[in-house]
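Single-structure report; data block below.
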Amino acid sequence: MVLAMLRNKTKNLILLVITILTHYNCSNTPKHCDIDNLTANKLLGIWTHDTNENATFEIRKDSIYYPDHNGTYKYNLVDDSIKIKFDDFVSVGKIHFVGDTLVIQHTTGTDTFWHFKN
């Protein structure tokens, strides 16, 4: 009887620790718990493409704004990828940084972006 009570208390303690750790790890990033907070925060801001002297898009905490289309779209960060939900399709690309340069690799090619400076 005492042994069964100890097993239940141990099991409950383990479940509590797992719950706390999961909540803590996933609450530190704005979009998804698989991407680290530093990368998520580094994505925020206005970006320009190498062929464009104007802003290409602005990544906000909850959406991406494209000024040329005057459109705002939701996105998700999962592992090392960004998934942008446009009106008629979903774009998925792997993201990484080379210094302050944002690189997005799609199935159709690679795009490079720099923080836009006025």
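General observations
- Spin-label model, VAL90/HIS69: points 7 Å from Cα along the beta carbon direction are separated by 1.6 nm.
- With a cut-off of 14 Å between beta carbons, the residues surrounding TRP47 carry a summed charge of -3, where Lys and Arg count +1 and Asp and Glu -1.
- With each label modelled as a point 7 angstrom along the Cα→C-beta vector, the THR110-LYS42 pair spans 1.6 nm.
- Ranking TRP47, THR112, SER81 by how far each Cα lies toward the positive end of the dipole of region 31-115 (charges on Cβ) leaves SER81 at the top.
- Near the amide H of PHE116, within less than 5 Å, lie the amide hydrogens of ILE46, TRP47, THR48, all on another chain or at least 5 residues away, with H placed in the peptide plane.
- Bins of 5 Å, starting at 0 and running to the largest distance - Cα pair percent for region 31-115: 3, 14, 25, 31, 20, 6, 1
No value in this document is a laboratory result; all are computed from the given coordinates. Note that the structure is a prediction, hence the values are computed from the model and not measured. Backbone-built Cβ (ideal geometry, glycine too); neighbour counts: all protein chains shown.
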